[in-house]
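*Asks:* This structure is in structure tokens; I'll ask about it shortly.
The values are calculated or read from the model by the stated rules, or taken from the named source; none is laboratory data. Fair warning: this is a prediction, and the values are worked out from it, not measured in the lab. Cβ sites come from the backbone with ideal geometry, for glycine too, and all protein chains shown count toward neighbours. Just the protein is used for accessible areas: all its heavy atoms, side chains included, with ligands, DNA and RNA removed. Shrake-Rupley method; radii C 1.70, N 1.55, O 1.52, S 1.80 Å.
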Amino acid sequence: MINNQAALKYSNALFELGKEKESLVLFQEELRQVMDLVEMNEDFEQVFFHKQILPVDKKAIIKEIFTDQISKDVLNFINLLIDNRREQHIESVISNFNVLVNKEEAIIEVEVITAIEMTEELKNELLDKLNQLLDYTIIISSKVDSNIIGGMVLKFNDFIVDGSIKNSLDKLQENIKKVPASMLGV
């Protein structure tokens with residue numbers, strides 16, 4: 001509970017700063033860069049979250065890596081998290097911040113899961129269809145999961161639209177199980 005409250009406090013503060021500076025989407029993109037590095041670089045992740053590394057040393061590393069990559073506001077925000085020893089909450093902070101920005105800017109992030117990699121043409125076609133259906137700016141992220149066999153699964157907000165072949169086969173199997181054995185000639 002305390003961790004969630006801290007994350008909300010920091011994300012709300014950054015949101016207000018982003019609104020004031022009209023930089024919400026920029027902040028969102030820059031925070032995504034930071035999280036990408038945390039998630040993709042194990043060495044950086046270990047240093048960033050290590051409790052025995054002094055804040056001054058962490059901030060020097062952050063400054064060296066991100067000075068020309070992100071705005072001073074986001075850099076200062078990350079330094080604030082480090083100074084207050086709240087860097088372990090960065091994922092929650094960014095997640096809460098993204099929710100606030102997406103609501104403010106009418107953005108919906110849609111995760112599209114397919115059995116094989118989507119072509120750019122198919123992504124653009126899907127984006128056009130979603131833009132026609134929804135009055136939001138749509139951001140698509142794609143993921144490959146061969147277990148769905150074919151079709152696609154869309155995940156956004158609290159919704160899942162499952163148009164996968166696996167889902168259709170599972171439903172067919174359920175329906176067949178409901179048929180009385182006497183009707184099958186058994």
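*Asks:* For residues in segment 146-159 being under 25 Å from I107 (Cα atoms), touching a strand residue (DSSP E or B) at 6+ places or on another chain (Cβ under 8 Å) and of a type outside the set (A, V, I, L, M, F, W, C), which is least open to solvent (accessible area, probe 1.4 Å)?
*Replies:* G151
*Asks:* Please pick out the residue among T114, T67 that is in contact with a Gly (Cβ under 8 Å, 6 or more places away or on another chain) and hydroxyl-bearing (S, T, Y).
*Replies:* T114
*Asks:* Let me ask another. Considering only residues of segment 103-125 that are polar (S, T, N, Q) and open to solvent by 30 Å² or more (accessible area, probe 1.4 Å), which is farthest from N157 (Cα to Cα)?
*Replies:* T119
*Asks:* Check N96 against each of (1) over 24 Å from S141 (Cα atoms); (2) within 21 Å of the chain's Cα centre (by Cα); (3) of a type outside the set (G, A, S) and name the one condition it does not meet.
*Replies:* Going through the list (1) over 24 Å from S141 (Cα atoms); (2) within 21 Å of the chain's Cα centre (by Cα); (3) of a type outside the set (G, A, S), N96 breaks only (1).
*Asks:* Please find, among F66, F49, the residue that is farther than 23 Å from E105 by Cα, of a type in the set (F, W, Y) and loosely packed, with under 15 Cβ neighbours inside 10 Å.
*Replies:* Details: F66 fails: loosely packed, with under 15 Cβ neighbours inside 10 Å.
Step by step, each of F66, F49 is checked, and only F49 is farther than 23 Å from E105 by Cα, of a type in the set (F, W, Y) and loosely packed, with under 15 Cβ neighbours inside 10 Å.
*Asks:* Please go through segment 129-140 and pick out each residue that is open to solvent by less than 60 Å² (accessible area, probe 1.4 Å) and closer than 15 Å to V161 by Cα.
*Replies:* Correct list: L130, L134, I140.
*Asks:* So how many residues does segment 6-25 have that are touching a Leu at 6+ places or on another chain (Cβ under 9 Å) and aliphatic (A, V, I, L, M)?
*Replies:* 3
*Asks:* Report the residue count in segment 84-102 for those that are among the basic types (K, R) and surrounded by 12 or more Cβ atoms within 10 Å (Cβ to Cβ).
*Replies:* Counting residues in segment 84-102 that are among the basic types (K, R) and surrounded by 12 or more Cβ atoms within 10 Å (Cβ to Cβ) gives 1.
*Asks:* Looking at segment 127-146 only, could you name the residues that are more than 19 Å from N102 (Cα to Cα) and in contact (Cβ under 8 Å) with a residue 24 or more places away in the chain?
*Replies:* Of everything in segment 127-146, those that are more than 19 Å from N102 (Cα to Cα) and in contact (Cβ under 8 Å) with a residue 24 or more places away in the chain turn out to be K143, V144, D145, S146.
*Asks:* While we're looking at this one, here's another question. All but one of (1) open to solvent by 30 Å² or more (accessible area, probe 1.4 Å); (2) modelled with pLDDT of 95 or more hold for D43; which doesn't?
*Replies:* Here D43 clears every test but (2).
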